[in-house]
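A short write-up of the structure that comes next.
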Amino acid sequence: MDESRRSDKATAVAAWEALFRAQVTVMRALNAEFPGGEISFNEYDVCFNLSTQPGRRCRMRELTGHLLLTQPSVSRLVDRLTARGIVEKQPDPTDARGVIVALTPHGFDVYRSVAVQHAQTIADQVGAGLDDAELRTLTELCTKLRVAAGSNTPRRSTARSSAAPDPAAV
């Protein structure tokens with residue numbers, strides 16, 4: 001990182017604390033208002049991530065990398081979604097050990113129905129204290145932070161396990 005851009009440790013910690021507390025508060029509200037009749041909040045996250053992939057499908061390992069859940073938890077979640085016909089598991093033609101998870105047409109319909117309602121709740125919660133210009137700035141700052149954090153090499157091999165807890169589970 002360019003030394004001229006390195007922030008003061010106390011300032012960085014205060015910013016992280018504010019960001020984390022805001023995320024926890026908003027996530028709790030989103031969880032409380034989630035239209036979970038057909039799928040849970042975590043199941044929605046799986047469907048959302050699959051919906052953004054080409055063909056609405058990806059390898060299980062890639063899906064796990066997009067979620068704040070452990071690999072065994074994602075596997076159990078995918079198994080539950082498979083049993084309900086929301087996703088299907090397919091063998092990976094390029095890797096006999098790999099599994100591809102695909103959103104079914106029924107699963108996409110369920111996801112889309114929930115997404116419309118959930119998007120309104122997000123707009124209400126996130127837009128409650130910020131105007132459009134501030135929301136654009138927040139998006140830019142969060143993207144910049146995510147890109148910068150993603151380019152840093154973890155100092156320890158346990159970096160993923162020492163990450164903050166899943167705010168949806170807090």
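Observations, loosely collected:
- Taking a ≥ b ≥ c as the square roots of the eigenvalues of the Cα gyration tensor, the chain is oblate, since a/c reaches 1.5 or more and a/b is not larger than b/c.
- Converting phi to 3J(HN,Hα) with the Karplus coefficients 6.51, -1.76 and 1.60 and the offset θ = phi - 60°, the range 95-103 yields 8, 4, 7, x, 10, 9, 10, 10, 6 Hz in sequence order, with x at every glycine or proline.
- Accessible surface, the range 58-119, averaged per residue in Å² (probe 1.4 Å): 55 Å²
- Largest GNM mean-square fluctuation among SER75, SER51, SER151, using the chain with Cα springs under 10 Å: SER151.
- Within-13-Å neighbourhood charge of PHE34 [Cβ basis; K, R +1; D, E -1]: -4
- A helix-only calculation puts the chain at -19000 deg cm²/dmol for mean residue ellipticity at 222 nm, using -39500 (n - 2.57) for each DSSP H run of at least four residues, averaged over all residues.
- Scalar couplings 3J(HN,Hα) for the range 32-48, obtained by applying the Karplus form with A = 6.51, B = -1.76, C = 1.60 to θ = phi - 60°, are 5, 9, 5, x, x, x, 9, 9, 7, 4, 5, 5, 4, 4, 4, 5, 4 Hz; x denotes Gly and Pro.
- Shape category assigned to the range 40-100 from the gyration tensor of Cα positions, a/c cut at 1.5: rounded
- For GLY98, the amide hydrogen comes within under 5 Å of the amide hydrogens of ASP92, counting only partners 5 or more places away or on other chains and with H modelled in the peptide plane.
- Expressed as a whole percent, the accessible surface of the range 99-143 that belongs to carbon and sulfur atoms is 59, based on a 1.4 Å probe.
- For the chain, built as a Gaussian network whose Cα springs stay under 10 Å, the top-fluctuating residue of ARG59, ARG112, ARG76: ARG76
The values are calculated or read from the model by the stated rules, or taken from the named source; none is laboratory data. Only a predicted model underlies this, so the values are computations on that prediction, with no experimental measurement involved. Here Cβ is always computed from backbone atoms with ideal geometry, including for glycine, and neighbour counts include all displayed protein chains. The protein model used for the area step is the full one, side chains on, heavy atoms only, and it has no ligands, DNA or RNA in it. Shrake-Rupley method; radii C 1.70, N 1.55, O 1.52, S 1.80 Å.
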